[in-house]
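The values are calculated or read from the model by the stated rules, or taken from the named source; none is laboratory data. As the structure is a computational prediction, the values presented were derived from the model and not from experiment. Please note: Cβ atoms are built from the backbone with ideal geometry, for glycine as well, and neighbour counts cover all protein chains shown. Surface accessibility is based on the protein's heavy atoms, side chains included, excluding ligands, DNA and RNA. Shrake-Rupley method; radii C 1.70, N 1.55, O 1.52, S 1.80 Å.
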Amino acid sequence: MPDAIEVRKVPIHSVADASELAKLIDDGVMEASRVIAIIGKTEGNGGVNDYTRIISDRAFREVLVEKGAPADQVKQIPIVWSGGTDGVISPHATIFATTDAEPTEEPRLTVGFAMSEVLLPEDIGRVAMVEKVADAVKVAMERAGITDVADVHYVQTKTPLLTVHTIRDAKSRGKTVWTEHTHESMDLSNGTTALGIAVALGEIEMPTDEDVMHNRALYSAVASCSSGVELDQAQVVVVGNATGVGGRYRIGHSVMADALDADGIWAAIKDAGLDLPDRPHPSDLDGRLVNVFLKCEVSQDGVVRGRRNAMLDDSDVHWHRQIKSAVGGVTAAVTGDPAVFVSVSAAHQGPDGGGPVAAIVDLG
């Protein structure tokens, strides 16, 4: 049985700052050698060349080594950074560490991690990637001690996207790639990964190459997929609940039906186990919400609740930044805290124009 989990959210005060992680360790909240995953938001542009993700990655790993964790172990810790804190979203990190706790038969937070086989540039956007991701999700789920897919509430991934270099590499081997537009490949990598998660959890049957990015009726309700230039495998973190692990925390999930669906966020918080009134207010959370994790996507028809918007036609500000800012505002209004994990590019992650929501709460 996996160990119990301690999870805390900390602010990031500057691009290269990891001081709040150091403080958690110094205060004895968690041990550096027992940190198992970090998921956070950095303040870059959220694009292919968002190097704030690499800067933050280095800063947090350096603190863990400085505080006594073995360097080889730290290299293997999944650290998933989503770039872009548009609007009111505040840079922060959510840190997961194992801890000692009395076992309990109440479902409590558990985390499992796995890496897929190497993803070749020609795999991205195709069934080969779906299969490799699905295999890794099953391994991570097993390591989390989860036997029932219904107990999986959040799957956070980081996968490679296409760059000029990797496109050239594929061509040199006589292979083709799904797209030669590197920014488009971010949506593509995320969407294909989400289909792999959905297959692993039995949410859908195995799709075809033609389904990828085209059949938006196929999606996962728990997938949160990011991509970047940092790696060439799928990095998979499965978060769910299991009996017997003990601890104070529990996770739940729901989906936002569209960009304004605040009730979808509240539903995830309630699913995690908080008893809230019918029309809750941020004050009802009473400090028990650790964090919420959302993916968002502009509706393909350019409409929200019957009203058209111009996000898909805007040549000045990419829709990625606009929808992230909008959903970040809706989310912060629910939680009363701008340090929320809202990530864009949600193809096959939740319904078209909406997205999945996961919430971790402290049950005391």
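Take the conditions in contact (Cβ under 8 Å) with a residue 40 or more places away in the chain and either within 30 Å of Trp178 (Cα to Cα) or touching a Lys or Arg at 6+ places or on another chain (Cβ under 6 Å) (or both) and apply them to Pro103. Does it pass? No; evaluated as a whole, the condition is false for this residue. The set of residues from segment 220-266 being over 22 Å from Arg143 (Cα atoms), buried (at least 21 other Cβ atoms within 10 Å of the Cβ) and aliphatic (A, V, I, L, M) comprises Val255, Met256, Ala259, Ile265. Scanning segment 267-292 for residues that are at negative phi, open to solvent by 70 Å² or more (accessible area, probe 1.4 Å), free of Cβ contacts under 8 Å to residues at least 12 places away in the same chain and charged (D, E, K, R) yields Asp275, Asp278, Arg279.
Filtering segment 154-185 to residues that are within 23 Å of Pro356 (Cβ to Cβ) and of a type in the set (D, E, K, R) leaves Lys158, Glu184. In the set (1) of a type in the set (A, V, I, L, M, F, W, C); (2) out of contact with any helix residue (DSSP H, G or I) (no Cβ under 6 Å at 6 or more places or on another chain); (3) part of a loop (DSSP other than H, G, I, E, B), the condition left unmet by Val290 is number (3). Looking only at residues of segment 50-71 that are closer than 22 Å to Pro160 by Cα and free of Cβ contacts under 8 Å to residues at least 60 places away in the same chain, we find that the one that is most open to solvent (accessible area, probe 1.4 Å) is Arg58. Pairs are defined by a Cβ separation below 9 Å, a sequence spacing of at least 6 or placement on different chains, a first member in segment 294-317 that is more than 14 Å from Gly355 (Cα to Cα), and a second member that is open to solvent by 90 Å² or more (accessible area, probe 1.4 Å) and assigned to a strand (DSSP E or B); the pairs so defined are Asp301/Arg308; Gly302/Arg308. Each residue in segment 115-133 was checked for being closer than 30 Å to Gly246 by Cα, among the hydrophobic types (A, V, I, L, M, F, W, C) and surrounded by 23 or more Cβ atoms within 10 Å (Cβ to Cβ), and 1 of them qualify.
Of everything in segment 1-35 that is more than 21 Å from Ile360 (Cα to Cα), open to solvent by 60 Å² or more (accessible area, probe 1.4 Å) and of a type in the set (D, E, K, R), the residue that is nearest to the chain's Cα centre (by Cα) is Lys23. Per this entry, Ile38 is not counted among residues that are over 18 Å from Val361 (Cα atoms) and either over 18 Å from the mean Cα position of the chain (by Cα) or of a type in the set (A, V, I, L, M, F, W, C) (or both). Within segment 293-328, restricting attention to residues that are open to solvent by less than 30 Å² (accessible area, probe 1.4 Å), in a helix (DSSP H, G or I) and not hydrophobic (A, V, I, L, M, F, W, C), which residue is farthest from Asp258 (Cα to Cα)? Ranking the qualifying residues of segment 293-328, first place goes to His320.
Would you check which residues across segment 92-104 are of a type outside the set (D, E, K, R) and surrounded by fewer than 21 Cβ atoms within 10 Å (Cβ to Cβ) and list them? Listed by number, the residues that qualify are Thr98, Thr99, Ala101, Pro103, Thr104. Across segment 329-345, the number of residues qualifying as closer than 12 Å to Ala259 by Cα and in contact with a helix residue (DSSP H, G or I) (Cβ under 9 Å, 6 or more places away or on another chain) comes to 4. Assess whether Val139 counts as being assigned to a loop (DSSP other than H, G, I, E, B), of a type outside the set (D, E, K, R), open to solvent by 30 Å² or more (accessible area, probe 1.4 Å) and at pLDDT 95 or above. Criteria not met by Val139.
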